[in-house]
Amino acid sequence: MFLVKTSSIEGYETLVRAAGHDPAALLSQAGLSIRQLRAPNTYCAYIAVAEALDRAASACDEPLFGLKLTSIQSPVVFGDLALTASQQPTLERAMATANRFLGVLAGGISVNIEYVGERMLFKFRSTICEQNGCLQKVQLSIGLLGMFVSKLLGLEQPSFPLCLRQSRPLHTQLPAPLLSRIQFDAPFDGITIP
């Protein structure tokens, strides 16, 4: 069983409540509790967090709930990982360092870097999501990856694309600046740096 730090869904309670729903009930249905969210260094089952995100997306009628959640999160969700990675001389070395320690945040995930001409492709992989879908958890992970790379590059308002293999939903309340960065039906889940 893979575990994930509850800090990865920082803001869940706020976002669900703002949509007029009871976060405690949704978390309970996924086998989690508000108390776990309020202890950010707690670990819980990856699949339970994925289910809590899926339940919130459905209840809030927000098919991009995972990405919307990252829009209200802070870099605190990365803990010491951001500091460790930021000490590296290049983005590639920083991501290699981060990849070695990703298991501290969540088990069974990785980010592979590929070069296509001048572009860097950061391809996200999750063993659990490959087996179970977990669209919201993938969105959350890509949003967090984008935030992490933005912080490493010192970008206040990043413009690089967030790539999702899923199709564009018919409706969303995602903030327009974030929505404009998403490439739907992409060949991989991740980000592209020009």
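The values are calculated or read from the model by the stated rules, or taken from the named source; none is laboratory data. For clarity, every value in this text was computed on a predicted model and none was experimentally measured. Note that we place each Cβ from the backbone using ideal geometry, even for glycine, and neighbour counts take in every protein chain shown. Side chains included, ligands, DNA and RNA excluded: accessible areas come from the protein's heavy atoms. Shrake-Rupley method; radii C 1.70, N 1.55, O 1.52, S 1.80 Å.
How many residues are more than 21 Å from residue 39 (Cβ to Cβ), in contact with a helix residue (DSSP H, G or I) (Cβ under 8 Å, 6 or more places away or on another chain) and small (Gly, Ala, Ser) if we restrict to region 62-117?
8
Scan region 95-134 for residues that are under 26 Å from residue 157 (Cβ atoms), open to solvent by 20 Å² or more (accessible area, probe 1.4 Å) and in contact (Cβ under 8 Å) with a residue 60 or more places away in the chain and jot them down.
105, 118, 119, 120, 123, 124
Residue check, residue 71 against (1) closer than 27 Å to residue 170 by Cβ; (2) of a type in the set (Ser, Thr, Tyr); (3) crowded, with 20+ Cβ neighbours inside 10 Å; (4) touching a residue at least 60 places away in the same chain (Cβ under 8 Å), all met but one. Which one?
(3)
Would you check if residue 144 is open to solvent by less than 80 Å² (accessible area, probe 1.4 Å), not small (Gly, Ala, Ser) and not in a helix (DSSP H, G or I)?
no
Where the second residue is surrounded by 15 or more Cβ atoms within 10 Å (Cβ to Cβ) and basic (Lys, Arg) and the first is farther than 9 Å from residue 161 by Cα and lies in region 172-183, which pairs have Cβ atoms under 6 Å and are six or more apart or on separate chains?
174/68
Going through region 97-129 one residue at a time, which ones are out of contact with any Lys or Arg (no Cβ under 9 Å at 6 or more places or on another chain) and at pLDDT below 90? Full working, then the answer.
Filtering region 97-129 for residues out of contact with any Lys or Arg (no Cβ under 9 Å at 6 or more places or on another chain) gives 97-103, 107, 115-125, 127.
Passing the criteria: 97, 98, 99, 100, 101, 102, 103, 107, 127.
In region 29-84, which residues are under 14 Å from residue 8 (Cβ atoms) and β-branched (Val, Ile, Thr)?
Hits for region 29-84 are 42, 47, 49, 70, 72, 76, 77.
From the residues in region 151-165 that are at pLDDT below 95 and part of a loop (DSSP other than H, G, I, E, B), which one is surrounded by the most Cβ atoms within 10 Å (Cβ to Cβ)?
158
Anything in region 34-61 that is surrounded by fewer than 18 Cβ atoms within 10 Å (Cβ to Cβ), hydroxyl-bearing (Ser, Thr, Tyr) and in contact with a helix residue (DSSP H, G or I) (Cβ under 6 Å, 6 or more places away or on another chain)? List them, or say none.
Once the filter is applied, which keeps residues that are surrounded by fewer than 18 Cβ atoms within 10 Å (Cβ to Cβ), hydroxyl-bearing (Ser, Thr, Tyr) and in contact with a helix residue (DSSP H, G or I) (Cβ under 6 Å, 6 or more places away or on another chain), region 34-61 yields only 42.
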